[in-house]
Amino acid sequence: MISYARQTQEEQPEAPTPVEEHIAPSPRVSVQAFCETVETAAAVQSAGEDRRLGKAHLKIQMGGMAAAIEAYRSAPTPNVIVLESDGRNDLLTGLDHLATVCDAGTRVVVIGRINDVTLYRELVRRGVSDYVLAPVGAIDVVRSICNLFSAPEAKAVGRIIAVVGAKGGVGASTISHNVAWAIARDLAMDSVVADLDLAFGTAGLDYNQDPPQGIADAVFSPDRVDTAFIDRLLSKCTDHLSLLAAPATLDRVYDFGTDAFDAVFDTLRSTMPCIVLDVPHQWSGWTKRALIGADDILIVAAPDLANLRNTKNLFDLLKASRPNDRPPLYCLNQVGVPKRPEIAAAEFAKAIESPPVVSIPFEPQIFGSAANNGQMIAEISANHKSIEMFLQIAQRLTGRSETKKQKSSLLSPLIDKLRGK
């Protein structure tokens, strides 16, 4: 049998925009599409280039239902079949024929032009997994295929946020660690910081942690990576925040292949709602893959010309590589260094064609004290103005608002005791 379907588009509430929507990546599956129009074939082809279908093997053929039935008379069916059809009776008859040659467990997505509940119910009865109303865009195809493997009752797949500096020394690690703190404390999301700078990472110092194991153990033992193994490597910083620390030693060379971190990221996605990647300032196959594969990206830049150039290059590349995602965000850091000529935020916004999320002022006293003490800015000064900026970045990256804390009263201890009884 072909598996269950979701609610019809007429019965669903209006879907959120792609900017706000979180679509979980597809696992390693084979997908074959049989299209009738060039426009749909182009949309499916574009969907195959989306990062969320990066692990899927996609093949596109023309000919629609007839081509699909003929193809599977003598060949096994893939995990997912995408069929385009503009007819009603021909569609139902074709699905009956397809069922005779379709392997058990294969899921079918139908792209049609008839918006009718009765038709949809007939498709459900025949085991169609999803019905998408044409014309379709790439994001529609991505959503349909990925949602086949995201059961509503399953635990949500974690959101990966990548933070990278436009230039070395701009404070990207400091920003990423404080933003992760805000996500965990103020938004109450269980989060993990993964320090990807294995040689010189500072997350362990910033959170005052010195775990015996960390991310290097996972990267150099990919065959052992699973949920239990990753849990043993995590160092708990707060109730909602954990750390996957870098060794920060030079006793070995950290040369990685492009997919070296894939197993780590996939496992973290399955266990943590939010993963913040502290990406080092270098350009290699794996750093590029980590940035493109992230759900959201924050670029940290200082207000000078080199940072402007690098931010523009990163911005353009990531926008082109992730056409169905919202553009990266960027913030300015270390703004207002005495006697240093700086490029104004308005000039940055004009060049990037997007304003910075925030502009964090240069305050060496408090940031230096926090770094040397192994603390976050919120621990040094609870009312410092940069804390609100970190929260603002956290809200933009996660799409969540601040969790309201209940006000305590003189009767709170008594009420808590009564609740306990």
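The values are calculated or read from the model by the stated rules, or taken from the named source; none is laboratory data. None of the values given here were measured: they were computed from a predicted structure. All Cβ positions, even for glycine, are placed from backbone atoms using ideal geometry, and neighbour counts span all protein chains on display.
The listed residues are Asp239, Asp278, Asp304, and the only one of them that is closer than 17 Å to Val163 by Cα and either buried (at least 20 other Cβ atoms within 10 Å of the Cβ) or not hydrophobic (A, V, I, L, M, F, W, C) (or both) turns out to be Asp278. Could you go through segment 53-65 and let me know if any residue there is in contact (Cβ under 8 Å) with a residue 24 or more places away in the chain, at positive phi, surrounded by 14 or more Cβ atoms within 10 Å (Cβ to Cβ) and in the same structural domain as Asp116 (by TED's automatic domain parsing). Yes, there is a match, as at least one residue in segment 53-65 is in contact (Cβ under 8 Å) with a residue 24 or more places away in the chain, at positive phi, surrounded by 14 or more Cβ atoms within 10 Å (Cβ to Cβ) and in the same structural domain as Asp116 (by TED's automatic domain parsing).
Does Leu268 count as in a helix (DSSP H, G or I), closer than 19 Å to His22 by Cβ and not polar (S, T, N, Q)? Against the criterion (in a helix (DSSP H, G or I), closer than 19 Å to His22 by Cβ and not polar (S, T, N, Q)), Leu268 qualifies. Give the residue that is nearest to the chain's Cα centre (by Cα), with candidates limited to residues of segment 371-400 that are over 16 Å from Asp186 (Cα atoms), assigned to a helix (DSSP H, G or I) and touching a residue at least 24 places away in the same chain (Cβ under 8 Å). Only one residue fits best here, namely Ala371.
Mind listing just one residue for me: the one in segment 72-107 that is surrounded by 13 or more Cβ atoms within 10 Å (Cβ to Cβ), over 18 Å from Leu148 (Cβ atoms) and among the acidic types (Asp, Glu) and, of those, farthest from the chain's Cα centre (by Cα)? The selected residue is Asp90. Figure legend. Inter-residue proximity from segment 270-297: first residues in the same structural domain as Ala180 (by TED's automatic domain parsing) and within 21 Å of Leu234 (Cβ to Cβ), second residues buried (at least 24 other Cβ atoms within 10 Å of the Cβ) and charged (D, E, K, R), beta-carbon distance below 8 Å, spacing 6+ or different chains. Indicated pairs: Asp278/Asp195. Could we say that Asp316 is of a type in the set (Asp, Glu), closer than 30 Å to Pro27 by Cα and buried (at least 20 other Cβ atoms within 10 Å of the Cβ) here? Against the criterion (of a type in the set (Asp, Glu), closer than 30 Å to Pro27 by Cα and buried (at least 20 other Cβ atoms within 10 Å of the Cβ)), Asp316 does not qualify. The set of residues in segment 329-356 that are β-branched (Val, Ile, Thr), touching a residue at least 40 places away in the same chain (Cβ under 8 Å) and not in a loop (DSSP other than H, G, I, E, B) contains only Ile352.
Only one entry of Ala138, Ala182, Ala188 meets the criterion of being in contact with a Leu (Cβ under 9 Å, 6 or more places away or on another chain), under 21 Å from Asp296 (Cβ atoms) and among the small types (Gly, Ala, Ser), and that entry is Ala182.
Scanning segment 109-129 for residues that are farther than 11 Å from Leu91 by Cα, of a type in the set (A, V, I, L, M, F, W, C) and assigned to a helix (DSSP H, G or I) gives Val117, Val124. Of the helices (runs of 4 or more DSSP H) that lie entirely inside segment 135-251, those containing 3 or more residues that are not assigned by TED's automatic domain parsing to the domain that holds Leu268 span 138-147.
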